[in-house]
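Worksheet: one structure, shown below.
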Number of protein chains: 2
Amino acid sequence: HEAGVAERAWAWVVACMIALRAAVAGFARKVWKIGADDPRRAVHGLKVGLALTLVSVVYYTRPVYDGVGGNAMWAVMTVVVVFEYTVGGCMYKGFNRAVATASAGLLALGVSWVADKSGDKLEPIILSGSLFLLAAAATFSRFIPTVKARFDYGVTIFILTFSLVAVSGYRVDQLLDLAQQRMSTIAIGIIICLAVCVVIWPVWAGQELHLLTVRNMEKLAATVEGCVEDYFAAKPAQAQASPKSEGYKCVLNSKASEDSQANLARWEPPHGRFGFRHPYAQYTKVGAAMRHCAYCIEALNSCVRAEVQAPEHVKRLLGDVCTRLASQCSRVLKEASSSVAAMTGPKTLDFAVADMNTAVHELQGDLRALPPVLALEPAEMSLMDAMPLFTVASLLIEISARTE
Amino acid sequence: HEAGVAERAWAWVVACMIALRAAVAGFARKVWKIGADDPRRAVHGLKVGLALTLVSVVYYTRPVYDGVGGNAMWAVMTVVVVFEYTVGGCMYKGFNRAVATASAGLLALGVSWVADKSGDKLEPIILSGSLFLLAAAATFSRFIPTVKARFDYGVTIFILTFSLVAVSGYRVDQLLDLAQQRMSTIAIGIIICLAVCVVIWPVWAGQELHLLTVRNMEKLAATVEGCVEDYFAAKPAQAQASPKSEGYKCVLNSKASEDSQANLARWEPPHGRFGFRHPYAQYTKVGAAMRHCAYCIEALNSCVRAEVQAPEHVKRLLGDVCTRLASQCSRVLKEASSSVAAMTGPKTLDFAVADMNTAVHELQGDLRALPPVLALEPAEMSLMDAMPLFTVASLLIEISARTE
């Protein structure tokens, strides 16, 4: 009997081990896929490691360490907190940290000088009172949209520095030394961060935004064509949606990443084809227009997959014109995406838009001339609604291409 | 001549002053509006000020200060960094900070003990090497979606603590003292944060999410009705869109805030009607369904505002049925929103859905029976497409209401 228990326990342990191994292997595969999809992520990890090691070398180097004293830890902290995936993010945090530390430090020095002069009784009251007021005001200012977008991190650091300096209770002459040391260590940290971030395989937020926009536009073009082809395909393609016509779903949810990238891209120095004051705000406008398109495609797609379908003969009548219109549409989008990709003006885009408008008029004419047998014909109609939006979108794309 | 110059300079200064005053007044009005729209924001500012003042009192209290030494500044830092607008955010950061500091500290103690034992030559190599590897691995782990969503802040703190302890170059026995002091100061900071955050007018992320969902559902209901009314109104309402029918635009862009709130809400303790393991994930599903609806309404809206309109007599024929259907639709949405608001099961919702389906069949019948004069009739068609989606949405809402 005991042998049986031991055997069962052993079997249980083995089963657990196998399950654990499977779970670990699955997790490892997932992690490997994340790295393989975008090797820059793994490189980013190595870059952070390198920057930290560099900063720890500064720490070990006696002359530098003696120069800045125990404050060398601020360099380490700066590197950990400031290092971001994109160059824009790094710049944003570095700039915010430097400016906020300097301004809050100066202000705190002033306040503690005043508190110092006003006697022992008033000193803690002045210090705590100013801390309360400043922290409340600064925290509230984070709800102002502009501050939130550009200086959110700076405000945190401002409060942090001010409270550390105001509370620490040193004399002003000691504080001056401390402030100078801390500023220089933070400067070392920021410089190492920026150097590693920019020199080794940099990831530019502007470029990411650019590629995202181009990719989304191409996906939209493929989806428009794929959808209409699905609809007029011989068999009802309800079950298997072609992967082509699913691309618009990324476009629907891209607002948050677009906004943050446009926000960070503003901090980046000129690089490659992205000059000074590159119109990043235009990308968000183009993105909004593309989302507008994607909403329409969503409606169109629900028609394709709907249970109630138009009768076959009606479909056959309009199939030709609709397919032509869809291909014109997707041509316009492709032209626009390639003109955005190449950052050139829209040379052939105008022609493509004109062709598309011709196709729209053709479809409208055909619809009017149709024998009035059709009672249910949603897909064509939705395509019709989609048209004005496509033109709106292409107009916006023109604008953006021109400003580039 | 000179008097003229002085006069012009004076006029210029006065003009500048007036412009400056106007700008300041405008900014002040904007800031005031932000506070007045949601007084909890101003209260949040005051709460941060209060927490910081409390922590600075700890700093001034000699017994506590002497107990933890210069490490009291970690309490200040913790309060500044951990204090968030919602209770969930505060919990998330506090938990992450505490766990990450403890685990990284222990690991760093172990590594520096090993380095200590392996001789002077190997020591910096072991320390720098482990720092490089750990920082790279931890940074890369932030790209894993689960880690990103729940432990992003913790990973930062983990790297920070590990590098500070590993680099600082103290002996292990000193480090133990240091670690204990630092843990206790961080604990003080987190406790003060949570106390102020929960006790004084708390903002619960779960409740915010709940209200957002209910509000969005009501907006959708109003929009469906408003849109169809606009369409069948006597005058073409192209110029002035009723404000009622613009509400769906918030729904389109609410994904990011919904996701983050659902994420933070998971950290909150049970409070009020929100029990333990409240199904916050259901809210994001309902949100996705609502966005699906909003896409349809977007298409519908573009029909209402389109240049090509159906002829008046066709509109009159269908106006009645469509308006009825729209009101049924918005009734379903209103029922759903009130059942979500009250967190009760869908008692009357089923009836409302059944009524809506009857109205759909009615409209379909009317469309079939129509004299086949109509060539262009987009709006009704879009409404037709919208129907299956509305039912999908209401089904999802039912599911969520049942789990609640």
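Each value in this text was obtained by applying a stated rule to the coordinates, not by laboratory testing. Remember, predicted model here, so these are calculated numbers, not experimental data. Note: ideal-geometry Cβ built from the backbone for every residue, glycine included; neighbour counts use all protein chains shown.
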Which residues' amide hydrogens lie under 5 Å from the amide hydrogen of B:Val203, considering only partners 5 or more residues apart or on another chain, with H built in the peptide plane? B:Val87
Computed E for A:Glu7/B:Ala102 - FRET, C-beta separation, R0 35 angstrom, nearest 0.05: 0.30
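If the limit is 31 Å between Cα atoms, which of A:Lys33/A:Lys219; A:Lys249/B:Lys334; A:Lys121/B:Lys33 go over it?
On the way: A:Lys33/A:Lys219 23 Å; A:Lys249/B:Lys334 28 Å; A:Lys121/B:Lys33 39 Å.
Beyond 31 Å between Cα atoms: A:Lys121/B:Lys33.
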How large, in Å, is region A:1-131 by the Kirkwood hydrodynamic radius built from its alpha-carbon pairs? 20.7 Å
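If R₀ is 41 angstrom, what is the calculated FRET efficiency for the pair B:Ala281 and A:Val14, using the beta carbon separation as r and rounding to 0.05?
Working: r = 35 Å, r/R0 = 0.85.
Calculated transfer efficiency: 0.70.
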homo-copy label distances at A:Asn253 (7 angstrom along Cα-Cβ), nm, one dp, ascending, are 2.0
For region A:106-169, what is the charge dipole size about the Cα centre, in debye to the nearest 20, if Lys and Arg each add +1 at the Cβ and Asp and Glu each add -1 at the Cβ? 260 debye
Using the Karplus equation 6.51 cos²θ - 1.76 cosθ + 1.60 (θ = phi - 60°), what ³J(HN,Hα) coupling, rounded to whole Hz, does each residue of region A:328-335 give in order, writing x for Gly and Pro? 5, 4, 6, 5, 4, 5, 5, 4
Which distances in nm, rounded to one decimal and ordered from shortest, link the label point of B:Arg21 to the equivalent label points in the other identical copies, with labels set 7 Å from Cα toward Cβ? 8.2
Modelled label-to-label distance, A:Trp201 and A:Asp38, 7 Å Cα→beta-carbon offset: nm? 1.3 nm
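What length, rounded to one decimal in nm, is gained on full extension from B:Leu176 through to B:Ile144, with 0.36 nm per residue of separation minus their alpha-carbon distance?
Values: separation 32, 0.36 × 32 = 11.52 nm, distance 3.28 nm.
Extra length from B:Leu176 to B:Ile144 when fully extended: 8.2 nm.
Report the FRET efficiency, 1/(1 + (r/R0)^6), for B:Ala288 and A:Val24, where r is their Cβ-Cβ distance and R0 is 30 Å, rounded to 0.05.
Details: r = 32 Å, r/R0 = 1.07.
Between B:Ala288 and A:Val24 the formula returns 0.40.
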at B:Ala149 the sorted inter-copy label distances (label 7 Å from Cα on Cβ side), in nanometres, are 2.8
Quick one: length gained pulling A:Ser338 to A:Leu133 fully straight, 0.36 nm per residue minus the C-alpha distance? 68.5 nm
When the gyration tensor of region B:114-171 is built from Cα positions, what are the square roots of 5 times its three eigenvalues, in whole Å, from largest to smallest? 27, 11, 6
